[in-house]
Each structure stands twice: as structure tokens, then as C-alpha cells.
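See structure below.
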């Protein structure tokens, strides 16, 4: 049997400490190998031609040719090669990272704040290893935006087990959609809530501008990101969308035609205003859920408390399973659920379980999600 091809990574960083740390980490991860190193973008592009790596770990701020310029060159002349950005936790770093994601970077990690080299290396590995594995899995699906027909009432995916087990799984999956376990949707949705992670900024860049200015409902989004970066993401999207896009603030009332993005490093939920009629955003420092802060599950549960039978919930590209438990609750409360399809996800993690469990009413490619959201609220 032929062994699977290893993911070959070129490490590009101006700082020798990070160059060595990332190189050491790559050599320690099974299925990944170090293709080479470069200390600036110009050398990196030369090595891309000779070493033919699958992926670059790429510092944003470098002399001669910075990370953004390298990405532009990759996009133009080497579109099959991916990039993971190493960024700093600053306003400038977050804005540059948004530009990098716009240019097609797969994801980013933060450079550790710790001055302890051992702790810093441990933190880089914790963040980088799952991204490298996700990229490796996604290499077999390069046409990420390939259109597929919309699937309505998706059939549950059965495990390859015994016939008895398969029948049991089928009954459970069907039961998730049956009138006995879920309320019927009463009317058009009055709110939209979205959970999204890896590949999210690019997906939102494509999807949100398609929504009409008069959608007439609020939209609440959890995008897994650290502090500062969510504000830059909101500002970037606001310039491209017909709707107003902003980072959510504590105690602000939700308004129609506004998109609220949960602040990085915080949890976001809905609460009732003093008048008992309006709904406010509550930003908390509650613990992470599914190792996520903000968490889609945390937001989805609160939306379900106030918009029974009047919610559209969307689960999109991302690693992990954040959102599945929240969607189960929303499904039982009559929500209309849209899942992004596998073909158009950068990482088919977050939509996978809800789709297989039968929670999704619609499974749609990225370019059709805005249309489906609009139909659900009009």
C-alpha cells in the first residue's frame, strides 16, 4: 500500500525564534513535513518555485516583500498553494489579517504573547496543528465553490453498521424532524442567527453582500475569532454590504437590517429588555463552550428562548461541532435551519453533524445561502 503524501510546509518568518519554533513543530506532527524556511517574502516566492510546497506558514510583517504581497503572488501564479498567517494581536495586525483572508489565506493564528519560549511553542502547536490537519483534509476538494443543486429535507447518513443499528439510527434521525419532537414553524422568521468558523471571513465576504438592504430582520453572527479581529472583520464587511455590519455591544437593542458580530473572546446572547417586548444583546465573560468563545451553541440557545417558530439558523464552514447542540434546541422550537453543503465548505465540520442528524431543512452551496435566508424571512 502506498503511504499517503505528506503535507509539505514552507515556513516564512522574519523572526528566527518563530521560524525555528514553527519548523520544529512541523517536524513533530505526523503526516506533515518541513519543505524549507525563508526569512522574507522574496526568498519565499523563489523557494515556492523550487521546493513546490503545499502550504506556507506566513508572517504578515516582513522586509523586502510582506505577507500580503506574497499572498497576492500566490493567488496570481501559484493558486494551488495555501497559506496560514501568523499575526499579532493588534488593530494593525487584525486589519492586515482581514486583507490576507480576503486574498485567500486558509486561516490564521496569533503569535504567542508569552515571553517563555517553551510556553510559546506549546501555544503555537495547539493553534497550528488542527489547522494543518484541516488543510490537509481539504486538499482533495479544491473546487470549494462548485455549485450543487439545493437539497431539501436531506436524508440522514447511515453508519456502515448492522441492519438493526442502521434502522435505529434512521428512526432517531427522522425523529429529530417529526412533529412529535419539533414544533412546526409558525410564520416567516423574524431573526437570523449564524455560526461559522474556519473559512468564515471569505464565506461571509461572499454571502452577506448578497442580502438585500430591506431584509427587515436582525442578523446575529458567531464567527470564531480572537479579540480585536472581530471588530476588523465587521468594519471590513460593513464596507461591502447593503446592511449595516458592526461588532455587537453589550445592552444594545437589536434592530432590523443590522448584522451583529459577537466580539472575540466574549460570549453573546439575547435577553429581554425592561419593557418585556424588545430584545437586547448581552455580552458576557461566561466560559468557553466547545473550546469556543464566542460559541454558536451559546448564542443559538438564547435565540431559541425568544423566537420560537420564528428563527432562521444557519450553520456554515468551520472546524469542530460548535452549533450542533444549539441547533437541536432550535429545531425543537420550530426554527428553519440552513446548512452549508460539504462542497463549498473550506472545512466541513460544523455543518456535518447537524446535516447528518436531520436538523437542516435546506442544504445549500455558499452562493445560494443568501437567497435561502431571504426567502425564509420574506
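The values are calculated or read from the model by the stated rules, or taken from the named source; none is laboratory data. Remember, predicted model here, so these are calculated numbers, not experimental data. FYI the Cβ positions are ideal-geometry reconstructions off the backbone, even for glycines, and counts take in every protein chain you see.
For segment 111-137, how many residues meet the condition of being buried (at least 21 other Cβ atoms within 10 Å of the Cβ) and over 20 Å from residue 34 (Cα atoms)?
So the answer is 0.
Could you check how many residues of segment 317-343 are touching a helix residue (DSSP H, G or I) at 6+ places or on another chain (Cβ under 7 Å) and more than 13 Å from residue 373 (Cα to Cα)?
13
Go through (1) within 21 Å of residue 134 (Cβ to Cβ); (2) assigned to a loop (DSSP other than H, G, I, E, B); (3) touching a helix residue (DSSP H, G or I) at 6+ places or on another chain (Cβ under 9 Å); (4) without any contact (Cβ under 8 Å) to a residue 40 or more places away in the chain one by one and return the number of the condition residue 30 breaks.
(3)
Return the total of residues in segment 228-259 being crowded, with 22+ Cβ neighbours inside 10 Å, out of contact with any strand residue (DSSP E or B) (no Cβ under 6 Å at 6 or more places or on another chain) and closer than 11 Å to residue 208 by Cβ.
Total meeting the criteria: 1.
Hey, can you tell me all the residues within segment 64-81 that are in contact (Cβ under 8 Å) with a residue 40 or more places away in the chain and either crowded, with 18+ Cβ neighbours inside 10 Å or touching a helix residue (DSSP H, G or I) at 6+ places or on another chain (Cβ under 8 Å) (or both)?
Within segment 64-81, 67, 70 meet the criteria.
Just to be sure I understand, how many residues within segment 325-354 are buried (at least 23 other Cβ atoms within 10 Å of the Cβ), in contact with a strand residue (DSSP E or B) (Cβ under 8 Å, 6 or more places away or on another chain) and in a helix (DSSP H, G or I)?
Final tally of qualifying residues: 5.
Looking only at segment 286-295, decide whether some residue is surrounded by 16 or more Cβ atoms within 10 Å (Cβ to Cβ), without any contact (Cβ under 8 Å) to a residue 40 or more places away in the chain, under 15 Å from the mean Cα position of the chain (by Cα) and at positive phi. Spell out how you get there, then give the answer.
Just the residues of segment 286-295 that are surrounded by 16 or more Cβ atoms within 10 Å (Cβ to Cβ), to begin with: 289-290, 292-295.
Still in the running and without any contact (Cβ under 8 Å) to a residue 40 or more places away in the chain: 289-290, 293.
Of the ones still in play, those that are also under 15 Å from the mean Cα position of the chain (by Cα) are 290, 293.
Pick out the ones that are also at positive phi and you get 290.
For segment 286-295, residues surrounded by 16 or more Cβ atoms within 10 Å (Cβ to Cβ), without any contact (Cβ under 8 Å) to a residue 40 or more places away in the chain, under 15 Å from the mean Cα position of the chain (by Cα) and at positive phi: present.
Tell me whether segment 351-361 contains one or more residues that are under 29 Å from residue 214 (Cα atoms), assigned by TED's automatic domain parsing to the domain that holds residue 217 and within 16 Å of the chain's Cα centre (by Cα).
Keep residues of segment 351-361 that are under 29 Å from residue 214 (Cα atoms), which gives 351, 359-361.
Pick out the ones that are also assigned by TED's automatic domain parsing to the domain that holds residue 217 and you get 351, 359-361.
Filter once more, keeping what is within 16 Å of the chain's Cα centre (by Cα): 351.
Checked segment 351-361: at least one residue is under 29 Å from residue 214 (Cα atoms), assigned by TED's automatic domain parsing to the domain that holds residue 217 and within 16 Å of the chain's Cα centre (by Cα).
Answer with yes or no whether residue 303 is more than 15 Å from the chain's Cα centre (by Cα), surrounded by fewer than 22 Cβ atoms within 10 Å (Cβ to Cβ), in the same structural domain as residue 264 (by TED's automatic domain parsing) and in contact (Cβ under 8 Å) with a residue 60 or more places away in the chain. Walk me through it before giving the result.
Working: more than 15 Å from the chain's Cα centre (by Cα): yes; surrounded by fewer than 22 Cβ atoms within 10 Å (Cβ to Cβ): no; in the same structural domain as residue 264 (by TED's automatic domain parsing): yes; in contact (Cβ under 8 Å) with a residue 60 or more places away in the chain: yes.
Considered against the rule, which asks whether it is more than 15 Å from the chain's Cα centre (by Cα), surrounded by fewer than 22 Cβ atoms within 10 Å (Cβ to Cβ), in the same structural domain as residue 264 (by TED's automatic domain parsing) and in contact (Cβ under 8 Å) with a residue 60 or more places away in the chain, residue 303 comes out as no.
Mind telling me which of the residues 368, 332 ends up being over 18 Å from residue 317 (Cβ atoms) and either outside the structural domain of residue 212 (by TED's automatic domain parsing) or in contact (Cβ under 8 Å) with a residue 24 or more places away in the chain (or both)?
Of 368, 332, the one residue that is over 18 Å from residue 317 (Cβ atoms) and either outside the structural domain of residue 212 (by TED's automatic domain parsing) or in contact (Cβ under 8 Å) with a residue 24 or more places away in the chain (or both) is 332.
Looking for whichever is over 27 Å from the mean Cα position of the chain (by Cα), buried (at least 18 other Cβ atoms within 10 Å of the Cβ) and touching a residue at least 12 places away in the same chain (Cβ under 8 Å) here; the options are 11, 84, 48. Which one fits? Show your work before the answer.
Details: 11 fails: over 27 Å from the mean Cα position of the chain (by Cα); 84 fails: over 27 Å from the mean Cα position of the chain (by Cα).
Of the residues listed, the single one that is over 27 Å from the mean Cα position of the chain (by Cα), buried (at least 18 other Cβ atoms within 10 Å of the Cβ) and touching a residue at least 12 places away in the same chain (Cβ under 8 Å) is 48.
Would you mention how many residues in segment 260-282 are out of contact with any strand residue (DSSP E or B) (no Cβ under 8 Å at 6 or more places or on another chain) and closer than 27 Å to residue 370 by Cβ?
Number of matching residues: 1.
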